[in-house]
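The values are calculated or read from the model by the stated rules, or taken from the named source; none is laboratory data. Nothing here was measured: the structure is a model prediction, and the numbers come from that model. Cβ placement follows ideal geometry from the backbone for every residue including glycine, while neighbour counts extend to all protein chains displayed. Each accessible area value is taken on the protein alone, full model and side chains, heavy atoms only, with ligands, DNA and RNA left out. Shrake-Rupley method; radii C 1.70, N 1.55, O 1.52, S 1.80 Å.
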Amino acid sequence: AHCLSRRYSEFSQLHEELCRRPFAASLPALPAYRTFANFDSRFLERRRQQLEAYLSFLCLHSLVLLDATLWRWLAVEDATRAAVSLVVAHSVGRGADVSRALLDL
């Protein structure tokens, strides 16, 4: 298992970078940021759940999975990234992306 801790600002940076990609229109919005939210445990738990759902969505989005941005953010090993990228590219019929996925390593 891979455990990764990220701050809201890191999620925001990931989202901003993904929003510059051609598939940006298909991305959900990030959960809201609220100043001084660190003092509201219910808000923090709700936002944690929303960020987890956001990340789950990204991990099921074929075009996001073919982009290196998410993989770098997750700090995933190159071999794992290549394997998943190959499977995704093959399943969506994007043969050119298979080659690109290998070259990006």
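Taking first residues from the stretch 32-54 that are within 20 Å of residue 13 (Cβ to Cβ) and touching a residue at least 40 places away in the same chain (Cβ under 8 Å) and partners that are of a type outside the set (Lys, Arg) and loosely packed, with under 11 Cβ neighbours inside 10 Å, the Cβ contacts under 9 Å between residues at least 6 apart in sequence or on separate chains come to 54/29. Residues that are touching a residue at least 40 places away in the same chain (Cβ under 8 Å) and of a type in the set (Asp, Glu) within the stretch 1-27 comprise 10, 17, listed in sequence order. Looking across the stretch 12-29, the residues that are over 19 Å from residue 71 (Cβ atoms) and aliphatic (A, V, I, L, M) come down to 25, 29. Checked against the criterion of being open to solvent by 90 Å² or more (accessible area, probe 1.4 Å) and assigned to a helix (DSSP H, G or I), the candidates 42, 34 yield just one match: 42. The sole residue among 88, 76 that is modelled with pLDDT of 75 or more and within 16 Å of the chain's Cα centre (by Cα) is 76.
Taking the stretch 13-27 as the range and being charged (D, E, K, R), open to solvent by less than 100 Å² (accessible area, probe 1.4 Å) and in a helix (DSSP H, G or I) as the test, only 17 passes.
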